[in-house]
Amino acid sequence: MTRIILITLLLFFTNAARGDVLPEQTLVLANRESTDSMVLAFYYMKTRGIPDKNLISLPLGKEEEISWDKFSNTLWNPLLDKLVKSGWMSGNLVKNTDKAGRSRLRNPTNKVGYLVLCKDVPLRIEEDSQYNDHAPASPPPAQFIRTVAAVDSELATLAMPAARITSFVPNPLFAPSGTLPASARQSVMHVARLDGPTLDDCRKLVENAVLAERRGLSGRAYVDIGGPHAQGDAWLRETATLLRKTGFDLTTEENRGMLLDYDKRADAPAFYFGWYAAHIAGRFADPKLRFVPGAIALHIHSFSASTLRSTSRGWAGPLVARGATTTFGNVAEPYLELTTIPPLFLAFVLNGAQVGEAYVASTPVWSWQTILIGDPLYKPTLFTFKQQLEGIENASDSEYNLHGGTYVSLRYANLLLARNKFSEAQTVLAGALRRHPSLPLSFALAQIAKYPSLAWDSHDKTAQADIGLLIEIAHYLKENSLEHDATELYALILKRDASLPSPIRKRLREEYDALLANLEARVRNISPKKAEEK
């Protein structure tokens, strides 16, 4: 690769100095009545080097949803008591509990960096109108007179001197300007969750975070725009713009009401942001699909995390089951403006923040419905883009794709293209393709070169390639009048993927038949129209 060009580009990817939370500042909360929860806690602490004394275990039952009474008496109060006795929090205990029986500290101090909840810690506190505590003289808007809440979001208020049960509490660390107010940090308990359908899924949340920090996050980005509200679409367009500016190869879907369907590309997903379906659907519903290690995924929906124990219901659990390393969700209706803001979260992450800090800075309220799933210590930019480029230059052939070589090269080429350095981008792709042939590289080079053809059939792994990528290449070949190559690729697609949804297979079959008719007509040296008449 051209190192002179590289130096000018790397300034953007240099990590700013930050006060990251350390493992020794991280507390782990496990459910003593769940073997999976305890096993996961020990695994996480060993992997991250968290001291044994930072483990808190409580008997919390097996239900995902619990009552306010159970939340107060089995989780909130015992946890607060342990935090005070161990010196993580201090303050004067308020004499009277709140309406749900929760104790509070007056003038609290908080030394906890992150509080990490492990699988089978309860997820949601049920709606119960008897705990409404809004001021009768100035009630919140009717839609916010609710007591249902995410356990995680409620625990975020542990270090606040007071917080109502009804409605939500503004987040003093919400940072829409992009600057974290460090002076207010201790007022919010930074809560994250390691949770998902299976214990192995949960282990992967930790394992893949560490792996991405060692090798760097590489892959493609997918943004699914076109939901029911303009604000959400605006957020996702901003998200796509950020990803594009940082060079990630990007696929977007902007048809209203449609998700990325089975004919859309989904190779090496490192980022996925979309909305608005109740349950996982489209390409990401494919149980064979796997996110790359370190991937960040979010699907905006009111009930995306109403359960984390299913691989098909909602989005948060299913995304974890497919290998997402960081995701988010809502346990109940949050209303769009009060959920985590995707482009703000992404901006903090790309600027060098740990996901735990980025989540806190991009979530406007607590005592509400949102949760963060994943290791809050995870820092996606810890292994810099400069190191990724140097790594693939020095990697052996067997190591190249372990370090995401194809997609690191694509990202570098995209950054060059954004600076109108077309010949340099072409050189980067051609060099990478010579050393490590791959369909994504070959396709990208064909799109920016002066010639439209690509040797798609020369790659050993074409038959196993992402089906959406193959369909995209087939369309490209057809549009560039390479009917013979396109016909062969259509035939391979139709033969390989009998599981494609019927409407997509039908459309591909029609396109294939039309190509065959054109080729037959050309062989006969007569127009398709005359061939049809005969």
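The values are calculated or read from the model by the stated rules, or taken from the named source; none is laboratory data. Quantities reported herein were computed from a predicted structural model and do not represent experimental measurements. Methodologically, a virtual Cβ is constructed for each residue, glycine included, from the backbone with ideal geometry; neighbour enumeration extends over all protein chains shown.
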TODO: Test each condition in (1) crowded, with 17+ Cβ neighbours inside 10 Å; (2) of a type outside the set (S, T, Y); (3) without any contact (Cβ under 8 Å) to a residue 24 or more places away in the chain for A156 and report the one that comes out false.
DONE: (3)
Open item on the list: Give me the residue from the stretch 142-164 that is touching a strand residue (DSSP E or B) at 6+ places or on another chain (Cβ under 8 Å), of a type in the set (A, V, I, L, M, F, W, C) and not in a helix (DSSP H, G or I) and, out of that set, modelled with the lowest pLDDT.
Closed with: A163
Task: T241 vs. criteria at negative phi, hydroxyl-bearing (S, T, Y) and in a helix (DSSP H, G or I) - done: yes
Task: Subset of the stretch 98-136 that is of a type in the set (S, T, Y) and closer than 20 Å to W368 by Cα - its residue that is surrounded by the fewest Cβ atoms within 10 Å (Cβ to Cβ) - done: S129
Task: the stretch 436-469, residues that are out of contact with any Gly (no Cβ under 8 Å at 6 or more places or on another chain), assigned to a loop (DSSP other than H, G, I, E, B) and not small (G, A, S) - done: P437, K450, Y451, P452, L454, H459, D460, K461, D466
TODO: Show the residue pairs that are 6+ apart or on different chains and have beta-carbon atoms under 9 Å apart, the first residue being within the stretch 29-56 and farther than 17 Å from V112 by Cβ, the second being at pLDDT below 95.
DONE: N31/K62; E33/K62; S34/K62
Task: Single match in E488, E510, E472 (criterion: of a type outside the set (A, V, I, L, M, F, W, C), touching a residue at least 12 places away in the same chain (Cβ under 8 Å) and either in a loop (DSSP other than H, G, I, E, B) or out of contact with any Asp or Glu (no Cβ under 8 Å at 6 or more places or on another chain) (or both)) - done: E472
- [ ] Go through (1) in a strand (DSSP E or B); (2) modelled with pLDDT of 95 or more and name the single condition N92 misses.
- [x] (2)
- [ ] From the list V320, V331, pick out the single residue that is outside the structural domain of Y43 (by TED's automatic domain parsing) and crowded, with 24+ Cβ neighbours inside 10 Å.
- [x] V320
TODO: Return the total of residues in the stretch 473-491 being buried (at least 17 other Cβ atoms within 10 Å of the Cβ) and closer than 27 Å to P287 by Cα.
DONE: 4
Task: Test: R203 is under 14 Å from the mean Cα position of the chain (by Cα), farther than 16 Å from E357 by Cα and touching a residue at least 60 places away in the same chain (Cβ under 8 Å) - done: no
- [ ] Give A209, A149, A192 a once-over and let me know the one that is in the same structural domain as D69 (by TED's automatic domain parsing), under 27 Å from A277 (Cβ atoms), hydrophobic (A, V, I, L, M, F, W, C) and touching a Gly at 6+ places or on another chain (Cβ under 9 Å).
- [x] A192
Open item on the list: Taking the conditions exactly as written (in contact with a Leu (Cβ under 7 Å, 6 or more places away or on another chain), touching a residue at least 60 places away in the same chain (Cβ under 8 Å), more than 25 Å from L205 (Cα to Cα) and surrounded by fewer than 21 Cβ atoms within 10 Å (Cβ to Cβ)), does E393 satisfy them or not?
Closed with: no
Task: Selection from the stretch 176-195 of residues that are farther than 21 Å from A305 by Cα, buried (at least 18 other Cβ atoms within 10 Å of the Cβ) and not charged (D, E, K, R) - done: L180, S187, V188
- [ ] Would you confirm whether any residue within the stretch 255-265 is at pLDDT 95 or above, crowded, with 18+ Cβ neighbours inside 10 Å and out of contact with any Asp or Glu (no Cβ under 7 Å at 6 or more places or on another chain)?
- [x] no
TODO: Name the residue, out of G49, G87, that is on the phi > 0 side of the Ramachandran plot and more than 31 Å from the chain's Cα centre (by Cα).
DONE: G87
- [ ] Looking at (1) assigned to a loop (DSSP other than H, G, I, E, B); (2) among the polar types (S, T, N, Q); (3) not assigned by TED's automatic domain parsing to the domain that holds A175, find the lone condition where T363 falls short.
- [x] (3)
Task: the stretch 92-151: number of residues that are of a type in the set (D, E, K, R) and touching a helix residue (DSSP H, G or I) at 6+ places or on another chain (Cβ under 7 Å) - done: 6
TODO: Restrict the check to the stretch 130-142 and report whether at least one residue is free of Cβ contacts under 8 Å to residues at least 40 places away in the same chain, over 30 Å from L199 (Cβ atoms) and touching a Lys or Arg at 6+ places or on another chain (Cβ under 7 Å).
DONE: yes
TODO: Filter the stretch 367-388 down to residues that are buried (at least 24 other Cβ atoms within 10 Å of the Cβ) and among the aliphatic types (A, V, I, L, M) and give me whichever is farthest from L40 (Cα to Cα).
DONE: I371
Open item on the list: Give me the residue from the stretch 308-322 that is assigned to a loop (DSSP other than H, G, I, E, B) and touching a strand residue (DSSP E or B) at 6+ places or on another chain (Cβ under 9 Å) and, out of that set, nearest to V408 (Cα to Cα).
Closed with: R322
Task: Odd one out for R203, checked against (1) crowded, with 18+ Cβ neighbours inside 10 Å; (2) of a type in the set (K, R); (3) in contact with a Lys or Arg (Cβ under 8 Å, 6 or more places away or on another chain) - done: (3)
